[in-house]
Amino acid sequence: MRLLSFAAALAALPAAASALTYVIEAPGLAGPVAVTPLQTAESLVDFYGYAAGRATPPFAMVAGRAQFFLVETSTETGAAALGLGAILGPGDGDGSGSAIFSLYGAPGAAFGLVRDDPGSDMVGWSSDPDVNGAFSFAWGDAQADGFLFAGIGAATWTMTFSSFAGISGITDWTFLSGDATDPTVLGLGALNFGALTVTASEAPEVPLPAAAPMLAAGLAGLALIGRGRRARV
């Protein structure tokens with residue numbers, strides 16, 4: 001019987017793993033809640049699907065609802081693979097709406113991808129790659145508004161959306177998690193009285209399986225037995 005060396009046996013064991021986790025906090029949540037980025041095989045721009053004055057994402061758009069989300073694409077790697085966006089509306093009632101809020105804490109590598117619609121006032125998106133600043137939206141009947149930026153993957157950060165004002169046509173503030181076509185909808189509460197915080201942090205390292213020391217000791221013992229038998233031959 002061929003025995004693995006101690007080093008080879010350890011190399012065959014699962015390595016300690018480290019990954020990023022994402023957590024949101026908002027007035028309507030009892031505490032921090034873990035979220036999972038929506039997954040897409042399209043580019044992030046195609047996932048948002050801006051056309052004819054509104055987004056056409058794979059998930060349903062709901063009148064009177066604002067939907068924030070993280071989205072990860074398999075077409076990119078590293079920082080460019082992860083985006084954060086929101087779709088506002090269409091509005092309730094006559095379908096129109098408006099909202100103003102600010103963002104701070106976005107990492108320096110973040111860059112704007114979609115400004116929906118192009119006439120929206122997003123400070124810095126025209127000439128400055130920094131996406132932090134004021135966002136001002138207004139949309140007409142049967143339309144919607146929103147944004148999407150990327151460059152936030154493979155890094156830790158805490159971003160905060162705050163200073164919500166001028167809100168009309170939106171009565172339900174939400175964050176989407178999980179399946180891109182049928183996501184879990186997390187209610188955020190009344191953001192005009194608070195803030196939405198999104199944090200990316202490193203998950204604790206997953207240790208080697210508890211059986212690893214026993215396996216190592218067993219392999220070492222078998223190796224000694226093997227040497228003893230060869231010595232008596």
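Quick note: the coordinates plus some simple rules give every number you see, no bench work behind them. Keep in mind that what you see is a predicted model, and the values were worked out from it rather than measured. Positions of Cβ are generated from backbone atoms using ideal geometry, with glycine treated the same way; all protein chains shown enter the neighbour counts.
Numerical summary
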{"read-out": "Added length on full extension, which subtracts the Cα-Cα distance from 0.36 nm per residue, residue 154 to residue 171", "value": "2.8 nm"}
{"read-out": "Estimated distance in nm for a label pair at residue 202 and residue 75, the labels positioned 7 Å out from Cα along Cα-to-Cβ", "value": "3.2 nm"}
{"read-out": "C-alpha center-to-center spacing [segment 49-91, segment 95-109] in angstrom", "value": "14 Å"}
{"read-out": "Full-stretch length increase - residue 184, residue 29 - with 0.36 nm per residue and alpha-carbon distance subtracted", "value": "54.4 nm"}
{"read-out": "Modelled FRET efficiency - R0 25 Å, residue 134 with residue 45, Cβ distances, 0.05 increments", "value": "0.60"}
{"read-out": "Residues of segment 147-185 with amide N under 13 Å of the 7 Å Cα→Cβ point at residue 62", "value": "171-177, 182-185"}
